[in-house]
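Undergrad: Submitted below is the structure of interest, expressed as structure tokens.
Values quoted throughout were computed directly from the atomic coordinates according to the rules given, and no laboratory measurement underlies them. Because the structure is predicted, anything quoted here is derived from the model rather than measured. Because the Cβ atoms are built from the backbone with ideal geometry, glycine has one as well, and the counts that use them run over all protein chains shown.
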Amino acid sequence: MKFISILSFALLLISCNFKKEVSLSVAIEKTDAGLDSVVSSTLQIQVLGTGYEWSEGPVWVESEKMLLFSDVPKNTIYKWTAEKGAEVYLTPSGYTGTTPREGEGGSNGLTLNDEGDLVLCQHGDRRIALMNTSTAQPTPEFTTIADRFEGKRFNSPNDAVFYNYDYYFTDPPYGLPKGMEDSSKEIPFQGVYRATADGKTILLIDSLTRPNGLAFMPGGKKLIVANSDPDKARWYEYTFNDSMQIVSGKILYDATANTKTEKGLPDGLKIDSKGNIFGTGPGGVWIFNADGKLLGKIKLEEATSNCALSTDEKALFVTNDMHVLKIQLRP
């Protein structure tokens, strides 16, 4: 049984020192009764900022009560706080060179390690990097975590997750000026990697066409990876052994047909402490339970690129093309 309710409204907001009226059409599409335990039937949605070129990579920083997110083409990270709204946080964020370049060179996915340091997927610099200063005092000074595999430069690291002292990340070609056809592309495949605490870079997956968002299920033995290829628009599930080697993989869900009629592709995703998966995809945010069963969707008109959960898991922050949203999942 499918239940659909649609909420339409306009919000007046102040973001980056300008006022703009934003009209959003939002729908809750329920395909399983289990959605009721994850999402309230009457969502509260707030526009935190608008007017971005392509918003991405949100991460909630509890210590500073702020949301950080990338505007990839602008090579800038913004922050949002309840007190001041949205404002510039860090620039440059992903390309620190001095020679002008084409394409999307800024930071994409953002995450925090166990020490609370900011970790960036830098398209332009083609690396995973650590910001050298604290999140409270940002400066565009970085230390490389990983930038090569077997001596060859990465394509453009896109999203990352920190787990058990290691970094796991995806490397599609989106940050290269000419994508797959770029002459500077050194690695023939689009990989999923593990950068270890002792400085090694291990290839985990080389069979995906456009690996993008990724997150671990609770317990760390299963990794969900989104593939943002319109011809293979899928979420995959990979199982690890105790040595963190992949022992099996399968398609969790195939949304290829949905890309024909709705904006967006499987992109960034987050998983809550109960194993519920929030995956940005065609038409909005897809919600699966811990067994991979589709519970429903939060339908949005513009393409969604990524999402982040608040510390209490009651709010979902969504980068929605030119908008950044806060969706209150539960009171």
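Undergrad: How would you rank Thr201, Thr319, Thr256, going from fewest to most other Cβ atoms within 10 Å of each one's own Cβ?
TA: In increasing order of surrounding Cβ atoms, one gets Thr256, Thr201, Thr319.
Undergrad: Next up: Taking the simple approach of a point 7 Å from Cα along Cα-to-Cβ for both Glu87 and Glu150, what is their distance in nm?
TA: So the label points at Glu87 and Glu150 sit 4.8 nm apart.
Undergrad: Which value, in debye to the nearest 20, describes the size of the charge dipole of the chain about its Cα centre when Lys and Arg Cβ atoms bear +1, Asp and Glu Cβ atoms bear -1, and nothing else is charged?
TA: Dipole magnitude for the chain comes out near 520 debye.
Undergrad: Then there is this: Go ahead and set up a Gaussian network model of the chain, Cα springs under 10 Å, then flag whichever of Pro188, Pro157, Pro266 fluctuates most.
TA: Of the options given, Pro188 has the highest mean-square fluctuation.
Undergrad: Additional query: Under the Karplus relation 6.51 cos²θ - 1.76 cosθ + 1.60, θ = phi - 60°, what is the ordered set of whole-Hz ³J(HN,Hα) values for the range 154-166, x standing for Gly and Pro?
TA: In residue order, the calculated couplings are 5, 5, 6, x, 10, 8, 8, 9, 9, 8, 6, 6, 10 Hz.
Undergrad: Then there is this: What is the sum of charges, Lys and Arg at +1 and Asp and Glu at -1, for the other residues whose Cβ falls under 12 Å from the Cβ of Lys200?
TA: Within the 12 Å Cβ shell, the charges total -1.
Undergrad: Once amide H atoms are built 1.01 Å from N in the peptide plane, which residues 5 or more positions from Gln44, or in another chain, come under 5 Å H to H?
TA: So Gln44 has HN proximity to Gln328.
Undergrad: Taking 0.36 nm per residue of sequence separation and subtracting the Cα-Cα distance, how much length would be gained by fully extending the chain between Asp312 and Ser184, in nm to one decimal?
TA: 41.8 nm
Undergrad: Would you please name the GluC sites (Glu not before Pro) within the range 77-138 that are DSSP coil residues with at most 15 other C-beta atoms within 10 Å of their C-beta?
TA: Here the GluC sites (Glu not before Pro) that fit, given the DSSP loop and packing criteria, are Glu83, Glu102, Glu115.
Undergrad: Residues of the range 263-286 with backbone nitrogen within less than 17 Å of a virtual label 7 Å along the Cα-to-Cβ line of Ser25, please, listed as ranges.
TA: Answer for this model: 263-264, 282-285.
Undergrad: Right, another one. Quick check: residue separation of Ala290 and Lys221 times 0.36 nm, minus the Cα distance between them. What number comes out in nm?
TA: 23.6 nm
Undergrad: What residues qualify as long-range amide H neighbours of Ala146, i.e. H under 5 Å apart, gap of 5 or more or another chain, H built at 1.01 Å from N?
TA: Ile128
Undergrad: Would you mind ranking Val72, Val119, Val22 so that the residue whose beta carbon has the fewest other beta carbons within 10 Å leads the list?
TA: Ranking Val72, Val119, Val22 by Cβ neighbours within 10 Å, fewest first, gives Val22, Val119, Val72.
Undergrad: Compute a Gaussian network model of the chain, connecting alpha carbons closer than 10 Å, and tell me which residue from Asn108, Asn132, Asn227 fluctuates the most.
TA: Of Asn108, Asn132, Asn227, the Gaussian network model singles out Asn132 as fluctuating most.
Undergrad: Taking 8 Å as the Cα distance limit and 6 or more residues as the minimum spacing, I'd like the relative contact order of the range 195-247 as a percentage.
TA: 25
Undergrad: Using Cα springs under 10 Å in a Gaussian network model of the chain, which residue among Arg234, Arg101, Arg127 shows the largest mean-square fluctuation?
TA: Looking only at Arg234, Arg101, Arg127, the largest GNM fluctuation is found for Arg101.
Undergrad: Fully extended, how many nm does the chain gain between Asp198 and Asp117 (0.36 nm per residue separation, minus their Cα-Cα distance)?
TA: 27.4 nm
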